[in-house]
Amino acid sequence: MTVSPIENLFNVLDDTALILQEELSCTYLEAIAESGENLFHGDILQDELTELTKKRLQKKYSDAGLDSMEKEQIRKALQLAILKGMKESSQPNHQMTPDAIGMFLSYLTGKFTKGSKELRLLDPAIGTGNLLTTVLNGLADKKVSSVGVDVDDLLVKLAYIGANLQKHPLELFNQDSLEPLFIDPVDLVISDLPVGYYPNDLRAADYELKSDKGHSYSHHLFIEQSVKHTKHGGYLFFLVPNHLFESEEAKKLHGYFKEHVYIQGLLQLPMSLFKNEHSAKSILILQKKKEDVKPPKEVLMANMPSLSNPKAMENMLAKMDQWFKENK
Ligand code: SAM
């Protein structure tokens, strides 16, 4: 039986990670990071391994077939391995963005940036980099340089490996994104935001969207930080909770938006993608205000159909195309 290139690369990553996990007494996810690094460098970087183990690993890497693979195939194989690792140690705010959402964001960012040849892209909650690289693979007709930030060092390492294996230029920062960011302004932001309270009240005090009492919402502060680092006229795409505009902080958010951005769209994702109603999300699309840029005649609002309903999806995409014709 022949295996697909994605399955083959997954098997190489999986087999080698299992060996490394055992030999280095680390988690499977850490072993994936080590293995990906070996694969990228074409060498075994863990000096503590015996010559025999190094030979076993080399043999497996020689079957990876990386050179003849497309970037999307490499991303998917790595995604499968990371998903396996995350099953062991899942924390809701650290989960990889589901592929269906990544694909849809990739479609949307392509539409909104149609005229641009060069872009600078930021994901301030890059995690494993799966969402970012999905979008980058969809923007293949442009020259894109990107910046990613995350507080979790293992996830940053996985993002670095994914970008290297897919040959995407990526600048990475392992830090709290709500601390000062030393980056040049970007044309585009995409992010699956961490949702919840931000524990650092002192830092939150620097933000217009801080809460007047108690901890602030980190997703609100992330939006403000992202807008701050976006060029005027640039677009921002966020995955936000459906109840974003229903919290007690919503009034402040509305006021902030009125002053700094135009809301371009709010697309509610199908319920089937989420565990429950509470974790359901929408895509919020913003444009940072610029002197000669007008707001859209009408905000793009929709409840996205389930992806398993191709007819409804087709209708929805036709409606969106119409919106783009009238507004972009
Ligand atoms: N899109 C990512 C992917 O495909 O893997 C998943 C993003 S996940 C939903 C949210 C990320 O926010 C997590 O990786 C978490 O470590 C990060 N995060 C949470 N609080 C943060 C903070 N204050 N600064 C930077 N990153 C943070």
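Let me have the relative contact order for the chain, percent, based on Cα pairs under 8 Å that are six or more residues apart.
12 percent.
Check each of the chymotrypsin sites (Phe, Trp or Tyr not before Pro) in segment 161-207 and keep only those in coil by DSSP with at most 15 other C-beta atoms within 10 angstrom; list them in order. Present the calculation step by step, with values, prior to reporting the outcome.
Details: sites: Phe173, Phe182, Tyr197, Tyr207; in loops: Phe182, Tyr207.
When the chymotrypsin sites (Phe, Trp or Tyr not before Pro) of segment 161-207 are filtered for loop state and at most 15 Cβ neighbours within 10 Å, Phe182 remain.
May I ask what percent, to the nearest 5, of DSSP beta bridges between residues of the chain are antiparallel? Intermediate values should be presented prior to the final figure.
Values: 16 of 39 bridges.
Of those bridges, close to 40 percent are antiparallel.
For Ile263, Ile101, write out the residues from largest to smallest accessible area, computed with a 1.4 angstrom probe and no ligands counted.
From most accessible down to least: Ile263, Ile101.
How much area per residue is accessible in segment 15-141 when the probe is 1.4 Å and only protein heavy atoms are counted (Å²)?
48
List the pairs from Lys252/Lys297; Lys288/Lys328; Lys143/Lys281; Lys258/Lys289; Lys251/Lys328 whose alpha-carbon separation is above 21 Å, in the order I gave them.
Lys252/Lys297; Lys143/Lys281; Lys251/Lys328
Glu48 to Ala318: extension gain in nm, 0.36 nm per residue of separation minus the Cα-Cα distance?
91.5 nm
Filter the trypsin sites (Lys or Arg not before Pro) in segment 145-216 to those in DSSP coil with at most 14 other Cβ atoms within 10 Å of their Cβ, and list the result.
Answer by residue number: Lys167, Lys213.
Find the accessible area per residue for segment 241-294; the probe is 1.4 Å, ligands and nucleic acids are left out, and the unit is Å².
57
Can you tell me how much longer the chain between Glu298 and Asp206 gets when fully stretched, taken as 0.36 nm per residue apart minus their C-alpha distance, in nm with one decimal?
Numbers: separation 92, 0.36 × 92 = 33.12 nm, distance 3.28 nm.
Full extension from Glu298 to Asp206 adds 29.8 nm.
Can you give me the angle between helix 28-41 and the longest principal axis of the chain, using Cα atoms only, in degrees from 0 to 90, rounded to the nearest 10?
That works out to roughly 80 degrees.
Ignoring any ligand, DNA or RNA, what whole percent of the accessible area of the chain comes from carbon and sulfur when the probe is 1.4 angstrom?
Details: 8550 of 16360 Å².
After summing per-atom areas, the C and S share lands at 52 percent.
What does the charge dipole of the chain about its Cα centre add up to, to the nearest 20 debye, if the Cβ of each Lys and Arg holds +1 and the Cβ of each Asp and Glu holds -1?
Roughly 1380 debye, rounded to the nearest 20.
As a test of the formula, what do you get for the chain when each DSSP H run with n ≥ 4 contributes -39,500 (n - 2.57) and the sum is divided by the residue count, at 222 nm and rounded to the nearest 500 deg cm²/dmol?
About -14000 deg cm²/dmol.
Compute the distance from the alpha-carbon center of segment 61-136 to that of segment 269-313, in whole Å.
19
How tilted is helix 71-88 with respect to the longest principal axis of the chain? Cα atoms for both, answer in degrees (0 to 90, nearest 10).
90
Specify the longest stretch of the chain that does not include any exposed loop site, a site being one of the GluC sites (Glu not before Pro) with a non-H, G, I, E, B DSSP assignment and at most 11 other Cβ atoms within 10 Å. Walk me through the numbers before you get to the answer.
Working: sites that count: Glu48, Glu248, Glu291, Glu298.
Excluding the exposed sites themselves, the longest stretch runs over 49-247.
Kindly provide the Kirkwood hydrodynamic radius of the chain in Å, to one decimal, from all pairs of distinct alpha carbon atoms.
21.0
Evaluate E = 1/(1 + (r/R0)^6) for Met103 and Ile183, where r is the Cβ-Cβ distance and R0 equals 30 Å; express this FRET efficiency to the nearest 0.05.
Between Met103 and Ile183 the formula returns 0.65.
The values are calculated or read from the model by the stated rules, or taken from the named source; none is laboratory data. Everything quoted here is computed from the prediction, not taken from an experiment. Backbone-built Cβ (ideal geometry, glycine too); neighbour counts: all protein chains shown. Protein only, heavy atoms only, side chains kept; ligands, DNA and RNA dropped before computing areas. Shrake-Rupley method; radii C 1.70, N 1.55, O 1.52, S 1.80 Å.
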